[in-house]
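*Asks:* Have a look at this one.
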Number of protein chains: 2
Amino acid sequence: MFKTEICKIFGIEYPIILGGMLWVGKADLVAAVSEAGGLGLLGAAGMTIEEIENELEKVARQTKKPFGVNIPLLRPDADEMIEASIRGGATAISTSAGNPKKYTRKIKDQGCRVLHVAANVSFARKSEDAGVDAVVAEGYEAGGHNGRDEITTMALVPQVAGAVDIPVVAAGGIADGRGLMAALALGAKGVQVGTRFLAADEAAAHPNYKEAVIQMPDNGTCVTGRTTVGPTRAIKNELTDMIIKAENEGAKPEELLEMIGEGRSAMAAIEGNCVKGTMYCGQIGGGIQGLKSAMEVINDMISEAASIIRSFQSLLQG
Amino acid sequence: MFKTEICKIFGIEYPIILGGMLWVGKADLVAAVSEAGGLGLLGAAGMTIEEIENELEKVARQTKKPFGVNIPLLRPDADEMIEASIRGGATAISTSAGNPKKYTRKIKDQGCRVLHVAANVSFARKSEDAGVDAVVAEGYEAGGHNGRDEITTMALVPQVAGAVDIPVVAAGGIADGRGLMAALALGAKGVQVGTRFLAADEAAAHPNYKEAVIQMPDNGTCVTGRTTVGPTRAIKNELTDMIIKAENEGAKPEELLEMIGEGRSAMAAIEGNCVKGTMYCGQIGGGIQGLKSAMEVINDMISEAASIIRSFQSLLQG
């Protein structure tokens with residue numbers, strides 16, 4: 001069921017891709033998502049080359065199914081990251097935060113598939129021109145780094161799907177079968193899911209961080225960093241309150257950068273400090289009620305989606 | 001086809017509601033949407049009581065089908081607006097920007113149905129408690145006045161649908177059959193559509209304003225007024241550039257208010273000044289390619305939605 005072009009391109013059973021998550025998307029989660037029929041992507045942004053090698057070795061021990069790596073192109077060693085990923089058995093590379101032109105050909109020449117994350121139509125077109133196999137259209141509701149245009153999934157996906165010929169993967173706001181079906185209705189051929197997998201048993205996030213996702217209300221996230229590191233979405237806490245206050249008072253970028261500091265995301269994700277650490281999270285976190293295994297997430301998503309399709313039949317009756 | 005609870009509540013053929021649009025949603029558009037099987041709502045925000053009476057008389061001459069009025073509860077004469085609406089034949093009142101408790105009972109006692117617009121779960125629950133017949137869950141991508149929580153349609157609709165028992169109408173980012181089906185997948189029982197009807201033949205918007213909607217790209221809108229009049233989404237132009245610059249430079253609310261000035265929306269919508277006027281518009285404007293009649297909008301939306309449902313069948317095959 002639910003075989004789309006995305007399944008064919010990546011050799012997977014369901015068109016569900018794990019969003020690359022800093023500190024959170026490590027070997028166990030990647031393997032669990034792939035083993036359940038989706039495409040696991042290692043969140044390699046904070047990893048050294050050696051860590052990538054080790055994590056991929058761990059993934060390969062847990063699944064024979066396809067998996068991949070997310071690489072932010074801002075990393076000066078993106079080249080080595082790509083090489084290590086392919087050596088480690090990745091058959092898909094997702095690139096983000098940079099120009100897809102630079103690496104796409106090189107990755108594809110090694111027999112690997114390429115996804116690029118775009119937050120507007122113009123970037124999606126550039127990704128297609130660069131030869132990527134699929135483009136991830138990521139909306140403003142998504143957790144973590146965010147496009148400056150603030151285009152939401154609902155508005156972005158149909159516009160991107162209308163502008164490119166390659167398959168579109170919707171990201172942002174998708175945590176269950178309702179989100180999957182909405183994405184497919186909008187013209188996507190698959191979904192990328194972050195926050196729902198952050199609250200999965202196998203995610204490497206600290207239990208406090210997972211609990212914060214489960215507890216947050218619909219309006220529990222905010223965007224900071226518009227004038228400094230670029231917009232990022234995270235769960236509201238003492239840190240985001242402090243940053244927003246300073247931003248509203250017109251603090252200078254250098255003051256803000258000092259306040260944001262380094263290692264804030266590790267502080268939350270690894271140490272479990274949910275007061276002073278940055279908890280990247282999407283708006284759909286408000287709808288997540290409890291932990292699940294990655295396999296439960298995927299199975300529930302697919303069975304809910306199937307029952308939505310069946311329920312739609314009655315709409316066709318006059 | 002597409003009979004949902006929303007159709008039954010409002011006595012309409014299709015679950016498509018015209019969003020109340022200042023200066024734009026006048027008699028011709030209201031009548032055309034209702035006549036095509038949706039629910040036309042008069043955008044009464046900028047109208048005197050006499051204008052409401054005149055417009056509703058014009059509507060009643062053009063259609064025998066149900067129609068309604070959108071009333072922002074901030075208006076000090078909201079009471080008289082409601083009375084004039086019901087006298088004028090409205091069978092539905094949509095309230096926004098205020099507490100639904102104040103008027104819902106009074107409106108319902110006169111045999112009229114009530115919709116309330118909410119931009120987060122807590123307001124949706126309050127609307128249900130107040131006894132409204134349906135709640136409009138409006139996402140951040142919508143044009144015009146916007147919730148401070150910035151929750152997008154994709155994230156908001158399933159959370160609201162999970163939190164209330166009354167039917168939910170999705171608003172924000174919906175301009176075609178893809179948007180309609182996405183909304184229904186997310187748990188909505190209908191949609192409210194603004195921007196697509198702004199670019200309809202019967203809309204009272206100045207041709208320059210309609211042309212600006214048709215020409216705008218996906219990232220052609222922005223949000224201003226966060227620290228003053230409340231966030232509003234409009235097409236980027238000289239005016240929004242100026243406001244954003246001042247906001248980023250930490251201008252005081254009173255300076256910003258003077259800059260925003262009065263009558264900016266009329267300047268665009270009535271006089272056609274798209275450089276210095278405010279052009280309220282949703283993000284989905286980027287996907288709108290040309291003018292249509294209101295009937296074409298609705299018919300195209302329904303037939304596209306039906307073909308999406310049919311295309312979903314193949315997803316159920318193993």
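The values are calculated or read from the model by the stated rules, or taken from the named source; none is laboratory data. What you are looking at is a predicted structure, and each value in this text was computed from that prediction instead of being measured. Positions of Cβ are backbone-derived with ideal geometry, glycine not excepted, and every protein chain shown enters the neighbour counts.
*Asks:* Does region B:247-292 hold any residues that are among the polar types (S, T, N, Q) and within 20 Å of B:Gly20 (Cβ to Cβ), and which are they?
*Replies:* Residues satisfying the conditions are B:Ser265, B:Thr278, B:Gln283.
*Asks:* Could I ask something else about it? Out of all the residues in region B:50-61, is one or more of a type in the set (Gly, Ala, Ser) and either under 17 Å from the mean Cα position of the chain (by Cα) or within 23 Å of B:Ser127 (Cα to Cα) (or both)?
*Replies:* No.
*Asks:* Can A:Glu247 be described as touching a Lys or Arg at 6+ places or on another chain (Cβ under 9 Å), assigned to a helix (DSSP H, G or I) and of a type outside the set (A, V, I, L, M)?
*Replies:* yes
*Asks:* Condition first: more than 14 Å from A:Ser307 (Cα to Cα), surrounded by fewer than 24 Cβ atoms within 10 Å (Cβ to Cβ) and more than 8 Å from chain B (Cβ to nearest Cβ). Now tell me which residues in region A:174-190 satisfy that.
*Replies:* A:Lys189 - this is the single residue of region A:174-190 that is more than 14 Å from A:Ser307 (Cα to Cα), surrounded by fewer than 24 Cβ atoms within 10 Å (Cβ to Cβ) and more than 8 Å from chain B (Cβ to nearest Cβ).
*Asks:* Here's a follow-up. Being over 24 Å from A:Glu5 (Cα atoms), part of a loop (DSSP other than H, G, I, E, B) and either assigned by TED's automatic domain parsing to the domain that holds A:Thr48 or without any contact (Cβ under 8 Å) to a residue 12 or more places away in the chain (or both) is the requirement here; does A:Arg61 meet it?
*Replies:* no
*Asks:* Among the residues of region A:234-245, which ones are surrounded by fewer than 18 Cβ atoms within 10 Å (Cβ to Cβ) and within 11 Å of A:Thr224 (Cβ to Cβ)?
*Replies:* A:Asp241, A:Met242, A:Ile244, A:Lys245
*Asks:* Which one of the conditions (1) out of contact with any Pro (no Cβ under 9 Å at 6 or more places or on another chain); (2) at pLDDT 95 or above; (3) within 27 Å of B:Glu50 (Cα to Cα); (4) not charged (D, E, K, R) does B:Pro100 fail to meet, given that it meets all the rest?
*Replies:* (2)
*Asks:* Okay, next question. Mind listing whichever residues of region A:203-221 are among the acidic types (Asp, Glu) and either assigned by TED's automatic domain parsing to the domain that holds A:Asn299 or within 9 Å of A:Gly286 (Cβ to Cβ) (or both)?
*Replies:* Of everything in region A:203-221, just one residue is among the acidic types (Asp, Glu) and either assigned by TED's automatic domain parsing to the domain that holds A:Asn299 or within 9 Å of A:Gly286 (Cβ to Cβ) (or both), namely A:Asp218.
*Asks:* Now a separate question. If a residue has to be away from chain A (no Cβ under 12 Å) and either of a type in the set (Ser, Thr, Tyr) or part of a strand (DSSP E or B) (or both) to count, how many in region B:1-26 make the cut?
*Replies:* The number of residues fulfilling the criteria is 3.
*Asks:* Tally the residues that are farther than 15 Å from A:Ala204 by Cβ and part of a loop (DSSP other than H, G, I, E, B), restricting the search to region A:264-280.
*Replies:* Looking only at that region, the number is 5.
*Asks:* Which one is nearest to the chain's Cα centre (by Cα), of the residues in region B:281-298 that are in a helix (DSSP H, G or I) and among the hydrophobic types (A, V, I, L, M, F, W, C)?
*Replies:* B:Ile284
*Asks:* Hey, can you tell me all the residues within region B:48-92 that are of a type in the set (S, T, N, Q) and farther than 18 Å from B:Leu18 by Cα?
*Replies:* B:Thr48, B:Asn54
*Asks:* Another question about this same structure. Out of the residues in region A:105-124 that are farther than 24 Å from A:Cys7 by Cβ and within 14 Å of another protein chain (Cβ to nearest Cβ), which is surrounded by the most Cβ atoms within 10 Å (Cβ to Cβ)?
*Replies:* Per the criteria, the residue is A:Ala119.
*Asks:* Right, another one. From B:Gly318, B:Gly225, B:Gly277, grab the single residue that is at pLDDT below 95 and crowded, with 20+ Cβ neighbours inside 10 Å.
*Replies:* From the options B:Gly318, B:Gly225, B:Gly277, the qualifying one is B:Gly225.
*Asks:* Any idea how many residues of region B:17-53 are touching a residue at least 12 places away in the same chain (Cβ under 8 Å) and polar (S, T, N, Q)?
*Replies:* Of the residues in region B:17-53, 1 are touching a residue at least 12 places away in the same chain (Cβ under 8 Å) and polar (S, T, N, Q).
*Asks:* Does A:Met301 qualify as being in a helix (DSSP H, G or I) and within 14 Å of another protein chain (Cβ to nearest Cβ)?
*Replies:* For A:Met301, the condition - in a helix (DSSP H, G or I) and within 14 Å of another protein chain (Cβ to nearest Cβ) - is met.
*Asks:* Name the residue that is nearest to A:Asn70 (Cα to Cα), counting only residues in region A:125-147 that are acidic (Asp, Glu) and buried (at least 24 other Cβ atoms within 10 Å of the Cβ).
*Replies:* Among them, the one singled out is A:Glu138.
*Asks:* Taking into account only those residues within region B:191-214 that are out of contact with any strand residue (DSSP E or B) (no Cβ under 9 Å at 6 or more places or on another chain) and in a helix (DSSP H, G or I), which is farthest from A:Gly250 (Cα to Cα)?
*Replies:* Per the stated criteria, the residue is B:Pro207.
*Asks:* If you don't mind, another one. Restricting attention to region B:148-166, which residues are in contact (Cβ under 8 Å) with a residue 60 or more places away in the chain and surrounded by 21 or more Cβ atoms within 10 Å (Cβ to Cβ)?
*Replies:* Within region B:148-166, just B:Glu150 meets the criteria.
*Asks:* Taking region B:94-123, which residues are of a type in the set (Gly, Ala, Ser), touching an Asp or Glu at 6+ places or on another chain (Cβ under 9 Å) and in contact (Cβ under 8 Å) with a residue 40 or more places away in the chain?
*Replies:* Listed by number, the residues that qualify are B:Ser96, B:Ala118.
*Asks:* Let me ask something else. Filter region B:238-294 for residues that are within 14 Å of chain A (Cβ to nearest Cβ), among the polar types (S, T, N, Q) and within 21 Å of A:Glu150 (Cβ to Cβ) and give the result.
*Replies:* B:Thr240, B:Asn248, B:Gln283
*Asks:* Could you run through region A:125-166 and say how many residues are facing chain B (nearest Cβ under 8 Å), more than 21 Å from B:Glu150 (Cβ to Cβ) and under 14 Å from the mean Cα position of the chain (by Cα)?
*Replies:* Of the residues in region A:125-166, 0 are facing chain B (nearest Cβ under 8 Å), more than 21 Å from B:Glu150 (Cβ to Cβ) and under 14 Å from the mean Cα position of the chain (by Cα).
*Asks:* Return the only residue of A:Thr195, A:Thr232 being assigned by TED's automatic domain parsing to the domain that holds A:Asp28 and hydroxyl-bearing (Ser, Thr, Tyr).
*Replies:* Only one candidate qualifies: A:Thr195.
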